[in-house]
Amino acid sequence: MKTKITELLGIEYPIVQGAMAWIAEHHLAAAVSKAGGLGIIAGGAAPVDYIRDEIRKAREITDKPLGMNIMLLSPNADDLAQLAIDEKIEVLTTGAGNPGKYMAAWKNAGIKIMPVVASVALAKRMERAGADAVIAEGMEGGGQVAHISGGHIGELTTMPLVPQVVDALSIPVIAAGGIADGRGMAASFMLGAEGVQCGTVFLASNECCISDKYKELVLKATDISTVVTGRPSGHPVRSLKTPMARKCLELEKENTDASLEELEKATAGSLRKAVQDGNYEEGTFMSGQIAGMLRELRPCEDILKGMTAEAEELLKNAYKRFE
């Protein structure tokens, strides 16, 4: 499948793997890139030396294009911005801040820049700043969907967000949030997107190095298994319903003015406890609403090929209906 995104990024399938903190490391990113998509290594708040090591480990597995994500509110943002240049990263995705001050240096280094956006206004700002494409992410997505204000999941769902962003921009748009199979991919193309970004579906991949408990919870999820916490603080996050998520909701209910500091204190280290330890009681198991569609573990290659083949078939059949 050839689109403006496959041509821009030099990839086979127009599928970008989401930048999931503690999850999007070299095993997963390299597997997605090697299979023909764009793998992303999540910078998060990790030390620069750690991210450098992850990039180099991924390069040992594949020579295909590799992406990296920078959370611009991170105290390491300046160093990560330079690291991307030093390590010759092909593509950068950004969130939680304005990448404007880095754009010239990244452009000079030949890096493609794709900020994550949750509104038309932000998408326009990123295009003016020099972005090569944007990732329009709806609130169906899991975890921290960071955007310019430093918030996480936005208020718009993918269906109304993507076409409005497409109409407002001249650069390619990648749809994200609630996409796990060829049906979601085909729908995204009908909305005007040139590619899709997927996160949760890769939690159910063989190459994703999360705890067995995390994978078990994802595969057992239903359509109503996720919940959003952190709304009162202005920093909502979507995750699976677990004791930690319920604890946060109770805190918010008891204290409607619960501050971001209080919530962060309550959840400190909980993502690591989910990803690495599989700690059901104290972990935050971030996931999108599409978890209920996942029923088995598959190699990343099968996920990419399956989604694309299904999308192509659906789009062909859709046009035939009106011939």
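From the list 29, 21, the one residue that fits, being modelled with pLDDT of 95 or more, open to solvent by less than 60 Å² (accessible area, probe 1.4 Å) and in contact with a helix residue (DSSP H, G or I) (Cβ under 7 Å, 6 or more places away or on another chain), is 29. Filter the range 297-312 down to residues that are modelled with pLDDT of 95 or more and open to solvent by 50 Å² or more (accessible area, probe 1.4 Å) and give me whichever is farthest from residue 252 (Cα to Cα). Ranking the qualifying residues of the range 297-312, first place goes to 309.
When you check residue 210 against the structure, is it open to solvent by less than 30 Å² (accessible area, probe 1.4 Å) and in contact with a Phe, Trp or Tyr (Cβ under 9 Å, 6 or more places away or on another chain), yes or no? It is true that residue 210 is open to solvent by less than 30 Å² (accessible area, probe 1.4 Å) and in contact with a Phe, Trp or Tyr (Cβ under 9 Å, 6 or more places away or on another chain).
Conditions tested, residue by residue: (1) open to solvent by 20 Å² or more (accessible area, probe 1.4 Å); (2) aliphatic (A, V, I, L, M).
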{"site": "65", "(1), (2)": "yes, no"}
{"site": "69", "(1), (2)": "yes, no"}
{"site": "80", "(1), (2)": "no, yes"}
{"site": "90", "(1), (2)": "yes, no"}
{"site": "95", "(1), (2)": "no, no"}
{"site": "127", "(1), (2)": "yes, no"}
{"site": "134", "(1), (2)": "no, yes"}
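Checking the structure you have, find out if any residue of the range 217-232 is crowded, with 23+ Cβ neighbours inside 10 Å and among the polar types (S, T, N, Q). Yes; the residues of the range 217-232 include at least one that is crowded, with 23+ Cβ neighbours inside 10 Å and among the polar types (S, T, N, Q). Go through the range 202-234 and report how many residues are within 15 Å of residue 276 (Cα to Cα) and without any contact (Cβ under 8 Å) to a residue 12 or more places away in the chain. Residues meeting the conditions: 1. For the range 239-284, the candidate set comprises residues that are open to solvent by less than 20 Å² (accessible area, probe 1.4 Å) and over 12 Å from residue 229 (Cα atoms); within that set, the residue that is modelled with the lowest pLDDT is 270. In summary, strands (runs of 3 or more DSSP E) completely within the range 29-144 and bearing 2 or more residues that are over 19 Å from residue 193 (Cα atoms) occur at 39-42, 66-71.
I need the full set of residues from the range 182-201 which are part of a loop (DSSP other than H, G, I, E, B) and without any contact (Cβ under 8 Å) to a residue 60 or more places away in the chain, in order please. Of everything in the range 182-201, those that are part of a loop (DSSP other than H, G, I, E, B) and without any contact (Cβ under 8 Å) to a residue 60 or more places away in the chain turn out to be 191, 192, 193.
The values are calculated or read from the model by the stated rules, or taken from the named source; none is laboratory data. Keep in mind that what you see is a predicted model, and the values were worked out from it rather than measured. Note that we place each Cβ from the backbone using ideal geometry, even for glycine, and neighbour counts take in every protein chain shown. What goes into the accessible areas is simple: the full protein's heavy atoms, side chains included, and nothing from ligands, DNA or RNA. Shrake-Rupley method; radii C 1.70, N 1.55, O 1.52, S 1.80 Å.
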